[in-house]
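Down below is the structure, laid out as structure tokens.
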Amino acid sequence: MPRFIPPEQSSASVDIPVPYSFEFEGERVRREDLQVEFGGEAGLSFELLTSKKEDEINDWDIEVIGPDIDQLDGLSSSFPLAVIINVYGRKMQNDFEPVLERHIHRFINYAFGVMHSGQRDTSSIRVSRNVYLKGFRLKHIGIILSAMLHKEYSAIVDKVEVRIYTKKEDVERLLGDARKVFAARDKRLSGKTDESVDTYYSCLICQSLAPNHVCIITPERTGLCGAYSWLDAKASFEIVPTGPNQPILKGRVLDKRLGQWGNVNKFVKEKSNRNIKKVSIYSLIDSPMSSSALLESIVAVVPEANGVMVVSRNYPGLTPLGISFKALAEPVGTGVQTPGFLGISNLYILSRKFILAEGGIKRLVWMPKELKGLLAERLSSIARDIGEPDLLEQIADEGVAGTLEELLSFLSKAKHPALYMDPLI
Ligand code: SF4
């Protein structure tokens with residue numbers, strides 16, 4: 001097993017064989033330039049950062065467990081990957097873990113010819129042939145992460161070690177534990193509501209990808225990448241008060257149904273370079289929030305069904321609208337408002353505030369089977385709470401409805417509640 005512990009790396013330098021700068025953050029690695037891809041569409045990949053005790057960590061210890069890039073057949077579609085980062089810091093708190101984890105995206109994207117996307121268990125990494133030929137290997141991912149965490153978070157991080165796994169059986173085994181950590185983080189928020197706080201938080205991290213995009217994060221609406229809850233944004237502000245997560249005192253309610261507040265509109269207008277004048281936190285049709293390319297899923301109006309569908313990043317097929325996630329994400333994820341289409345985190349589907357202005361979860365008519373399975377238990381519980389106990393079975397998926405015609409036929413037989421609601425548009 002290759003292990004890399006460079007004693008000279010106690011400083012913040014990023015010693016890798018390719019240029020490293022924030023200027024490369026928005027760079028894409030196209031399929032035709034690819035040496036290897038980890039994760040990606042329907043691929044198996046995740047990343048996790050957790051804190052450990054001081055004596056459990058060897059600072060700068062980077063280990064690659066499994067075949068490295070030069071031992072993989074780059075022509076295969078996608079390879080499994082787990083990037084596990086352990087950190088120790090005297091001032092580190094558990095609340096800070098997801099905040100630091102979110103910066104993996106930025107840190108890896110600073111490397112020329114390397115492209116990271118997604119987060120948690122939807123992450124993917126592409127390495128171009130060009131940088132592979134220059135000697136870039138998986139240990140360099142570990143060097144980047146160790147160097148940048150030391151450099152940018154020295155106030156809370158004293159030690160970093162990185163484990164990178166590439167064998168399918170290892171990644172699958174570790175993914176189960178990682179998902180428990182993600183679920184526990186999501187659960188911490190329960191009990192907080194949009195009404196119970198007077199402050200929301202912004203996130204501007206994605207402005208490197210979509211210059212006018214502003215995420216507004218509330219207790220009942222996580223950032224659309226799924227990685228930033230209200231608590232995470234709050235913790236991020238505590239770590240870096242001048243950083244991308246700023247508090248926004250809500251101020252006067254302008255429209256309760258749509259979810260519009262005076263100070264939120266003012267903030268979004270300023271930070272979107274005056275491109276977005278107002279934003280409705282609870283609507284997908286009237287001044288919806290903009291989206292960035294990091295969105296986990298897309299909600300889209302299906303006018304014929306008087307409802308909406310949700311398509312997630314991991315779903316590679318066509319939706320009943322005859323369009324794939326990828327084709328939808330290209331226009332939707334550019335930081336502009338796209339009424340009728342909305343980038344969301346998967347968790348937002350379970351929020352009481354999910355497209356509340358349009359009637360909420362009862363509008364949901366189609367979603368991929370995998371996502372439905374992941375959310376099934378909590379969706380059923382919400383459905384019972386709103387007096388629609390059969391809703392989960394009434395929502396179609398690709399197994400029963402691949403086309404619009406099949407969808408309408410399924411909804412009609414299932415007596416889906418959306419068919420009996422007020423016209424959506
Ligand atoms: S999607 Fe939103 S919350 Fe997530 S990193 Fe981008 S701006 Fe921040």
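Every number here is computed from the coordinates shown, using simple stated rules; none is lab data. For clarity, every value in this text was computed on a predicted model and none was experimentally measured. All Cβ positions, even for glycine, are placed from backbone atoms using ideal geometry, and neighbour counts span all protein chains on display.
How would you order 238-250, 85-97, 110-122, 169-181 from highest to lowest mean count of nearby Cβ atoms within 10 Å? Kindly include the intermediate steps, with their values, before the conclusion.
Working: 238-250: 16.0, 85-97: 17.6, 110-122: 22.6, 169-181: 14.2.
Result, highest mean Cβ count within 10 Å first: 110-122, 85-97, 238-250, 169-181.
Tabulate in residue order the Karplus-calculated ³J(HN,Hα) for region 322-331, using 6.51 cos²θ - 1.76 cosθ + 1.60 with θ = phi - 60°, rounded to whole Hz; enter x for Gly and Pro.
Residue by residue, region 322-331 yields x, 9, 8, 4, 4, 5, 6, 5, 4, x Hz.
For V36, enumerate residues with amide H under 5 Å from its amide H, sequence gap 5+ or separate chain, H modeled in the peptide plane.
V127
So how strong a dipole does region 199-420 carry about its Cα centre when Lys and Arg Cβ are +1 and Asp and Glu Cβ are -1, to the nearest 20 debye?
Details: 24 positive and 20 negative charges, 189 e Å.
That gives a dipole near 900 debye.
Run the lone-cysteine check on the chain: no other Cys C-beta under 4.7 Å from the residue's C-beta.
Singleton cysteines: C206, C225.
If I take all pairs of Cα atoms in the chain, what percentage of them are more than 37 Å from each other? Can you show the working numbers first?
Numbers: 21317 of 90100 pairs.
It works out to 24 percent of all Cα pairs.
Which whole-number value in Å³ per residue fits the convex hull of the alpha carbons of region 3-187? Please report the intermediate quantities before stating the final value.
On the way: hull volume 20.9 nm³, N = 185.
Per-residue hull volume (Cα only) is 113 Å³.
For region 48-80 and region 145-170, what is the separation of their C-alpha centers, rounded to whole Å?
So the separation of the two Cα centres works out to 10 Å.
For the chain, take the longest principal axis of its alpha carbons; what is the angle in degrees between that and the long axis of helix 230-239, to the nearest 10 within 0 to 90?
The helix 230-239 is inclined about 40 degrees to the chain.
Charges on Cβ only, +1 for Lys and Arg, -1 for Asp and Glu, centred on the Cα centroid of the chain; of P288, Q207, G251, which one is farthest towards the dipole's positive end?
G251
Helix 138-152: angle to the longest alpha-carbon principal axis of the chain, degrees 0 to 90, nearest 10?
The two axes meet at around 80 degrees.
Show that you can apply the helix-only estimate: for the chain, add -39,500 (n - 2.57) for every DSSP H stretch of four or more residues, divide by all residues, and state [θ] at 222 nm to the nearest 500.
Values: 11 runs with 112 residues, N = 425.
Value at 222 nm, helices only: -8000 deg cm²/dmol.
Can you give me the relative contact order of the chain as a percent, contacts being Cα pairs under 8 Å and 6 or more apart? Intermediate results must be reported in sequence, preceding the final value.
Details: 908 pairs, mean separation 58.8, N = 425.
Relative contact order for the chain comes out at 14 percent.
How big is the dipole moment of the chain about its Cα centre under a simple scheme where the beta carbon of each Lys and Arg is +1, that of each Asp and Glu is -1, and everything else is neutral? Debye, nearest 20, please. All intermediate terms of the calculation are to be shown ahead of the outcome.
Details: 52 positive and 55 negative charges, 220 e Å.
Approximately 1060 debye in magnitude.
Of the candidates S291, S272, S154, which one comes out as most mobile in a Gaussian network treatment of the chain with C-alpha springs shorter than 10 Å?
S154
About the Cα centre of region 3-187, what is the dipole size in debye to 20, counting +1 per Lys and Arg Cβ and -1 per Asp and Glu Cβ, all else neutral? Walk me through the numbers on the way to the answer.
Numbers: 26 positive and 31 negative charges, 53 e Å.
It comes to approximately 260 debye.
Of K187/K372; K278/K372; K266/K372; K52/K168, which pairs sit farther than 29 Å apart, going by alpha carbon to alpha carbon?
Details: K187/K372 19 Å; K278/K372 32 Å; K266/K372 37 Å; K52/K168 25 Å.
K278/K372; K266/K372, as the Cα separations exceed 29 Å there.
Considering amide H positions built from the backbone, and no H for Pro or chain starts, which residues 5 or more places from S324, or on another chain, come under 5 Å of its amide H?
T319
Once fully extended, how much extra length lies between S412 and D68, figured as 0.36 nm per residue of separation less the alpha-carbon to alpha-carbon distance? Could the numbers behind the result be given before it?
Values: separation 344, 0.36 × 344 = 123.84 nm, distance 5.16 nm.
Taking S412 through D68 to full extension adds about 118.7 nm, to one decimal.
In the chain, what % of DSSP beta bridges are antiparallel (nearest 5)?
Values: 40 of 56 bridges.
The antiparallel fraction comes to roughly 70 percent.
Cα atoms only, region 199-420: Rg and Dmax in Å?
17.1, 54
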